[in-house]
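Okay, so here's the structure we're looking at.
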Ligand SMILES: Cc1cc2nc3c(=O)[nH]c(=O)nc-3n(C[C@H](O)[C@H](O)[C@H](O)COP(=O)(O)OP(=O)(O)OC[C@H]3O[C@@H](n4cnc5c(N)ncnc54)[C@H](O)[C@@H]3O)c2cc1C
C-alpha cells in the first residue's frame, strides 16, 4: 500500500517505522528537520534538546522500542526530585510523607491529601473521572487549602485556569512520575530520532523536509490526494501525525472532528558555569505577575550545568516582549532556587517556542475525545485516539501508533 505520513515528530516517525518494512511510505515534514517537539540544536558540535525530555519505567512501549532499535544501552535511570515553591520556600514533594513538613496546611488536610495521593498514584484510571471536574474532585477529597496550595499550581501551570479541567487529566498528571526514577537518553532525544531515521532510510522510506502539506482530499478513485505547494500525490492511506488544530487546517477549518484549544510553549535553555543546586531538578515557581513556570535543572542528571525554564500559554502567541519577560522571570526563579545565582553564571542562552503543543484537556473536550472516531475512510488521526492516560508524551505517541496499526490491519486486512 502507498501510505503518506504527515509530520516527522516522534509520532510520524514511529508510525512510518511500523509500516515501512512492508509498504511504500512517504513522510512529509514542514520544517527543515525531523523530531518536532523532540528536536534540538547543535552547540559546539554537541546536540542539545530544545525541550528537556525524560521518561519513566512505566513507559513500557517506549522502553520496548528503544530495545528494538538497539539503543537500550543509551538509557540511564536517575533518581529525581520534584519541588514546588510554597510561600517562597522550596518544598520537596517527591514523596507523600514530605507533606508533613509543609507549614501552611492543617494536620487533617495533610492526612487527607497523603491518603488521596497514595490511593491515586497507584490505582488504575477510573472512567468516571471523565465526568468529574478536577477542582471539585480535589476540594472534595483533600480540602480547599490543599487544593490552593498544592494542586492549583500544578493545574495552573499548564492550563492557566482550573475551572473546566477534567479530573481524568489531573490523575494522569499525578501518576506521570510516581516513583521519581526517570530515564534519560545519552545524547538526548536526538539518539532516538537518528535511530528511527536510519531504520526508515534502510527501509527506503523517503522523508521530505521543508514540505508542508496544505490540503488533503478524497479523489474520484477513492484515494487521498496529499497537496503541497509543489504539487500533489495520491495515497491509499494517510496518517496525519499532527495536532488536531493543524489537521483542521488541512480541511479548510471544517474538519468534522473535535478541535480543542491548544497550549503554546516557550522555553529558555541556559548553560551555567556553576551548578545551580544538586537536589532540585524540577520545580514550579511563580513570577511577579503570578504566572507559573517550570524549571528543570539537569545538572544532577548530566555533566552539564544546564537549566530549562519553560512556560505554557493558553490562547496567546509568543512575541519578543514575552520572551524578554520570560528571561527576567527565569533569572528571578534561578535566584529563588540558589540565592547566589547572578546573570554572569550564564554562558549561553537560547530561546525556543512552538504553537499547538498540547490540547487543553477541558471536561468538554475529554468527553468529545472519548466518543471520537479517529479514522475516516483511510485517513487516521493519532491525536484523536482516546487513552485514559491523557497526557501527550512520547510513550502515548508510541502506544497510539500501535493502536493505529491494529485499526489499519483490521480495516484493510493488511
Ligand atoms: C517543554 C516540553 C517538555 C516535554 N517533556 C516531555 C518529557 O519529558 N517526556 C515525554 O514523554 N514527553 C514530553 N513532552 C511531550 C513530547 O515532546 C510530545 O508528546 C511529542 O514530542 C509529540 O510528538 P508528535 O509527533 O505527536 O508531535 P510534534 O512533535 O508536534 O510533531 C508534529 C510534526 O508535524 C509537523 N507538521 C505539522 N503540520 C504539518 C503539515 N501541515 N505538513 C507537514 N508537517 C507538519 C510539525 O512541524 C512537527 O514536526 C514535552 C513537550 C514539551 C513542549
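The values are calculated or read from the model by the stated rules, or taken from the named source; none is laboratory data. No experiment lies behind these values; they were computed from the predicted model shown. For neighbour counting, all protein chains shown are included, and Cβ atoms are generated from backbone atoms with ideal geometry for every residue, glycine included.
Structure notes:
- Test for residue 399: is it in the same structural domain as residue 310 (by TED's automatic domain parsing), in contact (Cβ under 8 Å) with a residue 60 or more places away in the chain, within 16 Å of the ligand (Cβ to nearest atom) and in contact with a helix residue (DSSP H, G or I) (Cβ under 9 Å, 6 or more places away or on another chain): no
- Checking each residue in the range 223-258 for being without any contact (Cβ under 8 Å) to a residue 12 or more places away in the chain and within 11 Å of the ligand (Cβ to nearest atom) picks out 248, 249.
- Verdict on residue 37 being within 14 Å of the ligand (Cβ to nearest atom), farther than 30 Å from residue 349 by Cα, in a helix (DSSP H, G or I) and at pLDDT 95 or above: no
- Checked against (1) assigned by TED's automatic domain parsing to the domain that holds residue 47; (2) within 14 Å of the ligand (Cβ to nearest atom), residue 268 passes all but a single condition, namely (1).
- Residue 387, sole failed condition from (1) more than 11 Å from the ligand (Cβ to nearest atom); (2) in a helix (DSSP H, G or I): (2)
Per-residue answers, yes or no, for (1) assigned to a loop (DSSP other than H, G, I, E, B); (2) in contact with a strand residue (DSSP E or B) (Cβ under 7 Å, 6 or more places away or on another chain); (3) free of Cβ contacts under 8 Å to residues at least 24 places away in the same chain:
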residue: 4; (1), (2), (3): no, yes, no
residue: 11; (1), (2), (3): no, no, no
residue: 14; (1), (2), (3): no, no, no
residue: 19; (1), (2), (3): no, yes, no
residue: 33; (1), (2), (3): yes, no, no
residue: 42; (1), (2), (3): no, no, yes
residue: 47; (1), (2), (3): no, yes, no
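- Looking across the range 127-160, the residues that are modelled with pLDDT of 85 or more and outside any helix (DSSP H, G or I) come down to 132, 133, 143.
- Exactly one residue out of 116, 97 is surrounded by fewer than 12 Cβ atoms within 10 Å (Cβ to Cβ) and part of a helix (DSSP H, G or I): that is 97.
- Residue match in the range 53-62 (condition: within 30 Å of residue 215 (Cβ to Cβ), more than 11 Å from the ligand (Cβ to nearest atom) and assigned to a helix (DSSP H, G or I)): no
- Residue within the range 67-89 that is under 21 Å from the mean Cα position of the chain (by Cα) and near the ligand (Cβ under 9 Å from one of its atoms) present: no
- When the range 98-117 is filtered for residues that are modelled with pLDDT under 85 and in contact with a helix residue (DSSP H, G or I) (Cβ under 8 Å, 6 or more places away or on another chain), the ones remaining, listed by number, are 99, 100, 102, 104.
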